[in-house]
Amino acid sequence: MKTYIKLFALSSLLALGACSEEFLETEPYTQKVTDNFYKTPADAFQGLVAVYDILQREAYGGPLLISEQASDDCFGGYGIADGQADIEWDRFLYVSDKDMNKDVWSNAYLGIYRANILLENLNKIDWGTDTALKTRYEAEARFLRAHFHFTAAKMFGDIIPLDHTITSSEFTLPRQAPEVTYALIANDLKFAADNLGPENYSQKGNANFGRITKWAAEAYLARTFLFYTGVYSKPDLAGVVTKAQAVAYINDAVNNSGHNLVADFANLWLAASFENFAGEDNTEMVWAVRFNGSGKGNWDLHEGNRFQVNIAPRGGAIGKYASGWGGATVNSKLVNAYTSGDTRKAASFIDYVGEGLNFNAEAREQRQYTGYSWKKYCPITNAAGTSVVEANGGNFQIDNYQDYAIIRFADVLLMAAELNLETNPAIAQTDLDRVRDRAFKNTTNRKTASKAVIMEERQLELALEGQRYFDLLRQGMTETKKAIDNTAGGSAFAVTFRTETLGWFPLPQSQIVLSNGTIKQNPGW
């Protein structure tokens, strides 16, 4: 999925004085532009790749890191001389950088824009008799459009939903009520779930691994259903998907997708397993953003996972863990929430003292040192203690290669447990049991399924995977504040969640200025 195309939007206003109409209508011959490009299925495929390509940019400046810092699972971290934005995400402040969330906003709308370009041009393609391919590309593009909308909506609340490429007269469109945005999201995901085939690309070496499947769409429908109905206290997903339908979709993904849990939780994460790593294209990965280290230090490419360096140990490699910037230090409260025998604890976090690692926080200038950092997604060293990325000719900042798991089958099971809890408690119990049985490698640590138990299990199973903060929001402001507020550890770790923000992050100030007042800042900021 790494074919490239440059698409030039012909949206500029031309002021060419006395140029003739004939000149203005002359078709460009040396550039690929929207008007002359979309002719063959191969062209459509390149357009689809251009949409997928935006996913890799979410690995830096994105909601994974920001939401983990804002949640109760992590602090801001980084170095004592680093900027204040990461501390402000942690403490719900908005002082040092008024555009601190611009990457989330701009990446989401760049993805939406590319998806809309493709969708608007599918009818120009000569598909011949292969109309099923057209439907498949439409389904994938609509899923991605939904993903980009949801990425912005769960961060900022009210956003501007776009089902078409806008003209210059629409540059100052206002934000819409959530039901408008989520109706678009739901319709797009429903189209994908109903029109994609039963393929499962999660097999070793499958060339299509990372592409959207029916099962990813069904799981994503459940995720957006739970978020929207929880945050906005609604009975259905924007009038498009009922709870019964959401249950049917998620149960289908559980029972018929062919996905399963990897036998050992640690084998999901390279830094936790090494020789026994299950690989990124394992049966548990329902949907992941793919990365590779082929950029070899080229900052103009976005092939590598630029997120990983953020959370790796600060100040140099230590033990088997490669060097990074020490961001989002892990809250010891989270580590202590795991009970004895839970294999997820050792597999999820680097325990510097427990692993006999001499991490001198003062010498390394580590801010908000807690004794714990991320093992999930942490880059590794080779036997000589050199970063594997650097040993292969790459740059440790931009050429890390581990995929970003957006939906794991364990998450599918926990969403199914939550959605089935009221109407099918036996199914809910079975799905929960599968997750806990894997975590403890026995059947003697089961808990009776309830909403509270499932939410606790989500925190433990999906720690540091970008779900916790949004799981808190859908439980309401009281529960969110109760979880996030922190006084332990002194002033360096003091956090006060401000309920007046409703949990939404501040909009980039540049977007408010560009809107000429059409867009207003979120409450509390």
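Restricting attention to region 176-195, report how many residues are under 20 Å from the mean Cα position of the chain (by Cα) and either of a type in the set (Gly, Ala, Ser) or modelled with pLDDT under 95 (or both).
So the answer is 3.
Kindly indicate whether any position in region 321-330 is surrounded by fewer than 17 Cβ atoms within 10 Å (Cβ to Cβ) and part of a loop (DSSP other than H, G, I, E, B).
no
Could you grab me the full set of residues in region 32-86 that are in contact with a His (Cβ under 7 Å, 6 or more places away or on another chain) and either at pLDDT 95 or above or polar (S, T, N, Q) (or both)?
Correct list: 56 only.
Condition check: part of a loop (DSSP other than H, G, I, E, B), farther than 30 Å from residue 207 by Cα and touching a residue at least 40 places away in the same chain (Cβ under 8 Å). Does residue 368 satisfy that?
So residue 368 fits the description; yes.
Quick test of your reading of the structure: residue 164 fulfils all but one of (1) under 22 Å from residue 285 (Cβ atoms); (2) surrounded by fewer than 23 Cβ atoms within 10 Å (Cβ to Cβ); (3) not basic (Lys, Arg). Name the failing condition by number.
Result: residue 164 fails condition (1) only.
What number of residues within region 295-312 satisfy the criterion of being under 18 Å from residue 76 (Cβ atoms) and either of a type in the set (A, V, I, L, M) or in a loop (DSSP other than H, G, I, E, B) (or both)?
Matching residues across region 295-312 total 4.
Of (1) among the hydrophobic types (A, V, I, L, M, F, W, C); (2) touching a residue at least 40 places away in the same chain (Cβ under 8 Å); (3) out of contact with any helix residue (DSSP H, G or I) (no Cβ under 7 Å at 6 or more places or on another chain), residue 227 satisfies all except one. Which?
(3)
Are there helices (runs of 4 or more DSSP H) fully within region 32-105 with at least 1 residues that are surrounded by fewer than 17 Cβ atoms within 10 Å (Cβ to Cβ)? List them.
It comes to 34-37, 41-52.
Just name the residue that is nearest to residue 454 (Cα to Cα) out of those in region 469-483 that are without any contact (Cβ under 8 Å) to a residue 40 or more places away in the chain and surrounded by 19 or more Cβ atoms within 10 Å (Cβ to Cβ).
Looking at the filtered set, the residue picked out is 471.
Might you check whether a residue that is within 23 Å of the chain's Cα centre (by Cα) and not in a helix (DSSP H, G or I) occurs anywhere in region 350-357?
For region 350-357, residues within 23 Å of the chain's Cα centre (by Cα) and not in a helix (DSSP H, G or I): present.
Pull out all pairs, ordered by first then second residue, where Cβ-Cβ is under 6 Å, the residues are six or more apart or on different chains, the first lies in region 43-60 and is over 17 Å from residue 138 (Cα atoms), and the second is crowded, with 20+ Cβ neighbours inside 10 Å and among the charged types (D, E, K, R).
Cβ pairs passing all conditions: 59/306; 60/306.
Being touching a residue at least 60 places away in the same chain (Cβ under 8 Å), basic (Lys, Arg) and either under 16 Å from residue 518 (Cα atoms) or touching a helix residue (DSSP H, G or I) at 6+ places or on another chain (Cβ under 8 Å) (or both) is true for just one of 124, 190, 134. Which residue is that?
It is 134.
Only residues that are under 20 Å from residue 82 (Cβ atoms), among the β-branched types (Val, Ile, Thr) and in contact with a Lys or Arg (Cβ under 7 Å, 6 or more places away or on another chain): list them for region 348-397, please.
Selection gives 350 alone.
Is there a residue in region 349-370 that is crowded, with 19+ Cβ neighbours inside 10 Å and in contact with an Asp or Glu (Cβ under 6 Å, 6 or more places away or on another chain)?
No: region 349-370 contains no residue that is crowded, with 19+ Cβ neighbours inside 10 Å and in contact with an Asp or Glu (Cβ under 6 Å, 6 or more places away or on another chain).
If I filter region 106-137 down to residues being at negative phi and assigned to a loop (DSSP other than H, G, I, E, B), which single residue comes out as surrounded by the fewest Cβ atoms within 10 Å (Cβ to Cβ)?
Within region 106-137, the match that is surrounded by the fewest Cβ atoms within 10 Å (Cβ to Cβ) is 129.
For region 200-222, give me the residue count where each residue is crowded, with 17+ Cβ neighbours inside 10 Å and more than 19 Å from the chain's Cα centre (by Cα).
Counting residues in region 200-222 that are crowded, with 17+ Cβ neighbours inside 10 Å and more than 19 Å from the chain's Cα centre (by Cα) gives 2.
Among the numbered criteria (1) over 23 Å from residue 77 (Cα atoms); (2) at pLDDT 95 or above; (3) surrounded by 14 or more Cβ atoms within 10 Å (Cβ to Cβ); (4) among the small types (Gly, Ala, Ser), which one does residue 510 miss?
The single condition residue 510 does not satisfy is (3).
The values are calculated or read from the model by the stated rules, or taken from the named source; none is laboratory data. The shown structure was predicted, so the numbers you read here are calculated from the model rather than taken from an experiment. Neighbour counts are summed over all protein chains in view; Cβ atoms, including those assigned to glycine, are modelled from backbone coordinates with ideal geometry.
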